[in-house]
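Here's the structure, in structure tokens; my notes come after.
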Amino acid sequence: MALRMNTPQSLPRVLADPLSYRPGPHPARQEPHKLARRLRRQVGQAIADYAMIEEGDKVMVCLSGGKDSYTLLDLLMQLQKKAPVRFELVAVNLDQKQPGFPAHVLPDYLRAIGVPYQILEQDTYSVVTRVVPEGKTMCSLCSRLRRGALYAHAQEAGFTKIALGHHRDDLVNTFFLNLFHHAKIAGMPPKLLSDDGRHVVIRPLAYVRESDIQAYAQARNFPIIPCDLCGSQENLQRRQVQKMLDAWERESPGRVETIARALSDVRPEKLGDARLFDFLSLGARQDATRIDAGAWQSGDLPDDHDSV
Ligand code: SF4
């Protein structure tokens with residue numbers, strides 16, 4: 001995997017390329033200042049609620065070129081200036097070699113805002129197009145390969161946290177995907193230990209609405225790189241869930257927010273998972289014999305069981 005890196009010290013602040021980043025008016029100085037303030041408050045709240053960032057952390061901010069990751073980086077940089085702890089931020093982008101990917105856009109932008117950054121290069125596009133049959137969505141494998149490359153880099157470079165740009169609507173969408181298609185109550189947590197136990201992944205935008213990110217990205221004039229250069233369609237199931245959520249929100253404004261709040265107010269004793277709540281001991285008499293399911297199903301009850 002190739003790696004290009006930079007630090008802000010010696011970098012030009014003005015870009016010659018007319019396609020390059022032109023910062024929009026800062027939201028704090030114009031009409032959307034309330035939006036900027038709300039987003040900073042929500043991100044700060046999420047960071048505090050889940051202890052996402054601690055003193056001395058080296059945070060890798062994964063930057064794809066989409067509105068979510070630009071917003072994440074922008075807000076973290078603002079919070080960093082007044083944060084109660086000192087931490088490092090490094091923006092990291094994986095150039096996956098999709099045809100037409102404008103490789104100069106992110107480096108130009110990152111130089112302009114003066115943040116340390118690293119650009120990794122790995123041709124996952126060729127792998128995905130070779131492996132996935134034509135007409136099938138490539139996003140799932142593409143994301144898995146991207147995650148693998150970024151996590152491996154985080155390990156090598158000594159990052160203590162990996163920050164991703166998933167927002168409140170992603171969290172709710174994933175919850176319903178798992179519910180409808182995998183028969184489980186599970187979502188996308190604001191903070192997560194990777195399966196191999198090596199990485200702490202944080203999602204500081206967990207409380208932020210996608211529509212607010214959209215408005216913020218427009219106000220800040222981020223140089224968005226679309227994630228459809230490869231021609232792949234987003235996962236159909238995810239799109240269907242999103243359509244359902246959009247329809248609910250139109251009919252009952254605020255419903256998605258209510259669902260999002262419910263994700264952090266879980267009552268295991270009001271569900272049915274005996275691994276999370278000890279239903280077996282609930283009200284059990286000390287003198288009673290516990291009878292297993294086989295006996296209940298066959299009617300073959302133990303000898304000492306009183307028949308009715
Ligand atoms: S749209 Fe293309 S680049 Fe984006 S996640 Fe899907 S396969 Fe990957």
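General remarks:
- Number of positions in the range 73-87 that are surrounded by 14 or more Cβ atoms within 10 Å (Cβ to Cβ) and either part of a loop (DSSP other than H, G, I, E, B) or of a type in the set (D, E, K, R) (or both): 3
- Selection from the range 100-155 of residues that are touching a Leu at 6+ places or on another chain (Cβ under 9 Å), surrounded by fewer than 14 Cβ atoms within 10 Å (Cβ to Cβ) and more than 19 Å from Gly65 (Cβ to Cβ): Val131
- From Val241, Val172, Val266, residue being of a type in the set (Val, Ile, Thr), more than 30 Å from Pro107 (Cβ to Cβ) and in contact with a Phe, Trp or Tyr (Cβ under 7 Å, 6 or more places away or on another chain): Val241
- Any hit, the range 166-180, residues being farther than 20 Å from Leu39 by Cβ, of a type in the set (Val, Ile, Thr) and surrounded by fewer than 20 Cβ atoms within 10 Å (Cβ to Cβ): yes
- Within the range 228-279, the set of residues being within 16 Å of the ligand (Cβ to nearest atom), charged (D, E, K, R) and more than 20 Å from the chain's Cα centre (by Cα) is empty.
- Members of the range 139-179 found to be part of a helix (DSSP H, G or I), polar (S, T, N, Q) and away from the ligand (no atom under 13 Å from the Cβ), listed by number: Gln155, Asn173, Thr174, Asn178
- Which numbered condition Val115 fails, given (1) in a loop (DSSP other than H, G, I, E, B); (2) within 16 Å of the ligand (Cβ to nearest atom); (3) at pLDDT 95 or above: (2)
The values are calculated or read from the model by the stated rules, or taken from the named source; none is laboratory data. All values derive from a computational prediction rather than experimental measurement. Methodologically, a virtual Cβ is constructed for each residue, glycine included, from the backbone with ideal geometry; neighbour enumeration extends over all protein chains shown.
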